[in-house]
Amino acid sequence: MADEVEDERGFFGEQPAVAVGKVHTGQEKPHYLGHRERLRERFLASHSGDGFADYELLELILFRLIPRADTKPVAKALLARFGSLSQVLGAPVPLLCEVKGVGPSVALDLKVVAAAGRRMARGEISTRELLSSWNKVLDYCRASMAFEEREQFRILFLDKKNGLIADEVQQTGTVDHTPVYPREVVKRALELSSTAIILVHNHPSGDPTPSRADIDMTKTIIETGRQLGISVHDHIIIGKNGFASMKGLQLI
């Protein structure tokens, strides 16, 4: 019986209705099919999608997720709600499902695309010397944390050559606070034989400005680590529209 049930993406709430007063016969083709083909050809010609607007890239993703409907209105509705392609992919499933034309199945598939993007970004830094690939580190952190609804405290553990040993979320807190225990941070670094760390956490409010508590906590970790030969290269705070580096701001 399960094999006879068609996926909701092709049949139920996620498929916008055909325009009123226009019924397709066996000989007619839906108007959006030509648009899909043209957009695909443009993408192939561009090789990378450079020059595409966010809604066009989102349309291309939605072509597969919503195979039998015009996806442009859905793409534009998602962007109107969340602001950008990265914010759409970072949005939680319940909020995605509030957008007309998006149901649980499409929302889940969008999260799979987001997870693939994060995995690619992580791959960019996993085999590199991180301090020489700083923009890649920032891209990865933004992809991983910028749109989380709660604060996360992440640690990148490095070896003597500043290669990535491990990337771990140590704590998850509330919308404006994450408990951090300096001794646990240093303890974990010792367990992994890490000689240096990069601290990262997000501000769900969107403003990446370090708080006094952020600065004080970082200085405590620096002092605790110094006694055991562990360096703190930086503490990066990620917001929806930017980031702050405590080292860059000369706060540490």
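The values are calculated or read from the model by the stated rules, or taken from the named source; none is laboratory data. Computed from a prediction, not measured in an experiment: that's the story for all the values here. Note that each Cβ is placed from the backbone with ideal geometry, even for glycine, and that neighbours are counted across all protein chains shown.
Could you list all residues from segment 180-199 that are surrounded by 13 or more Cβ atoms within 10 Å (Cβ to Cβ) and either assigned to a loop (DSSP other than H, G, I, E, B) or at pLDDT below 90 (or both)?
180, 181, 192, 194, 195
Quick check on my filter: what residues within segment 53-78 are charged (D, E, K, R) and in a loop (DSSP other than H, G, I, E, B)? It would help to see each step written out before you state the result.
We begin by selecting, within segment 53-78, every residue charged (D, E, K, R); these are 54, 56, 59, 64, 68, 70, 72, 76.
Matches in segment 53-78: 68, 70.
For residue 186, indicate whether it is at negative phi and either within 27 Å of the chain's Cα centre (by Cα) or among the aromatic types (Phe, Trp, Tyr) (or both).
On the way: at negative phi: yes; either within 27 Å of the chain's Cα centre (by Cα) or among the aromatic types (Phe, Trp, Tyr) (or both): no.
Taking the combined requirement at face value, the residue does not satisfy it.
Look at segment 200-252 and say how many of its residues are part of a loop (DSSP other than H, G, I, E, B) and of a type in the set (Ser, Thr, Tyr). If you could, list the steps in order and put the result at the bottom.
Within segment 200-252, the first condition is being part of a loop (DSSP other than H, G, I, E, B), and the residues that meet it are 203-211, 227-230, 240-241, 246-252.
Within this subset, residues satisfying the condition of being of a type in the set (Ser, Thr, Tyr) are 205, 209, 211.
Count: 3.
Considering only segment 157-177, state which residues are surrounded by 21 or more Cβ atoms within 10 Å (Cβ to Cβ) and in contact with a Phe, Trp or Tyr (Cβ under 9 Å, 6 or more places away or on another chain).
164
Specify the residue that is modelled with the lowest pLDDT; the eligible residues are those in segment 122-156 that are surrounded by 14 or more Cβ atoms within 10 Å (Cβ to Cβ) and over 20 Å from the mean Cα position of the chain (by Cα).
It comes out as 128.
Yes or no, residue by residue, for (1) touching a Lys or Arg at 6+ places or on another chain (Cβ under 6 Å); (2) at positive phi; (3) surrounded by fewer than 16 Cβ atoms within 10 Å (Cβ to Cβ):
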residue: 78; (1), (2), (3): no, no, no
residue: 89; (1), (2), (3): no, no, no
residue: 92; (1), (2), (3): no, no, yes
residue: 100; (1), (2), (3): no, no, yes
residue: 105; (1), (2), (3): yes, no, no
residue: 108; (1), (2), (3): no, no, yes
residue: 115; (1), (2), (3): no, no, yes
